[in-house]
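The values are calculated or read from the model by the stated rules, or taken from the named source; none is laboratory data. For clarity, every value in this text was computed on a predicted model and none was experimentally measured. Accessible surface is based on the protein model in full, side chains and every heavy atom, while ligands, DNA and RNA are left aside. Shrake-Rupley method; radii C 1.70, N 1.55, O 1.52, S 1.80 Å.
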Amino acid sequence: MSLQLTRRRFIKGVIFSSAAVASGAGVYLASAQSRPNTVVERLLSLNINGRSRLVDVAPTETLAFTLRNKLGLTGLKVACNRGECGACTVLLDDVANYSCSVLTHTVKQYDINTVEGLRAADGTLSAVQQGFIEELSPQCGFCTPGQVMSATALLRANPSPTREEARQALAGNLCRCGAYDHYLNGVMRASELLS
Ligand code: FES
Ligand code: FES
């Protein structure tokens, strides 16, 4: 009992952890905008988690790099950095994408969603976040943000998936802890919360 409570507290920490870092995001922009020689044509306006964010982006920069290193959205992780593990998954117009394999200059027209944007303004967790907590889905938690985003994409398109459909939706998210069944339990719990 106490072990479960401890684990649940840990998992909540993993799922919440990314929310606090977003507050530091303006530092880079403020310094970039204040420099008179900033390369203006590199300034992009990106729609991220419902907010417009202005950011200086190099032509070869990946979305994962922009989000993590320039906007402080460190919920997504960069592990393989070549489209194989899913740790960097974000949503582009509600479709799951590997942000390490997308150039930031190509996503100006999309609504970009990261794990930081899932919690409601009043602090209410999304169904996927709540489902993962209730099912104690994560082990170490490293892959969790990516799993959350892939599950979110699935449930936005199909709120009542079968377990096999959930398995296919999360197939691009590797988990070195092997917690796959726990994540599937979390997705199915989230689906129940939505019904
Ligand atoms: S870090 Fe992007 S798929 Fe692995
Ligand atoms: S929970 Fe550890 S890598 Fe997935």
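Mind jotting down a quarter of the surface of the convex hull over the alpha carbons of the stretch 46-129, in square nanometres, one decimal? Could the numbers behind the result be given before it?
Values: hull surface 21.9 nm².
Across all orientations, the stretch 46-129 yields a mean hull projection of 5.5 nm².
Once the whole set of protein chains is in place, how much accessible area is left on F132, using a 1.4 Å probe, in Å² to the nearest 10?
My reading of the accessible area for F132 is about 0 Å².
Sort largest first and round to whole Å: the equivalent ellipsoid semi-axes of the stretch 62-195, each the square root of five times a Cα gyration tensor eigenvalue. Mind dumping the intermediate values first?
Values: eigenvalues 102, 51, 38 Å².
With the √(5λ) rule applied to the stretch 62-195, the semi-axes are 23, 16, 14 Å.
Which number do you get for Rg(Cα) / (2.2 N^0.38 Å) in the stretch 115-163?
Ratio of Cα Rg to 2.2 N^0.38 Å: 1.13.
Roughly how many percent of the accessible protein surface of the stretch 51-193 is carbon and sulfur, given a 1.4 Å probe and a whole-percent answer? Each step should come with its number before you reach the end.
On the way: 3000 of 6090 Å².
Of all accessible area on the stretch 51-193, carbon and sulfur atoms account for 49 percent.
What's the center-to-center distance, using Cα atoms, between the stretch 59-99 and the stretch 166-194 in Å?
That distance is 20 Å.
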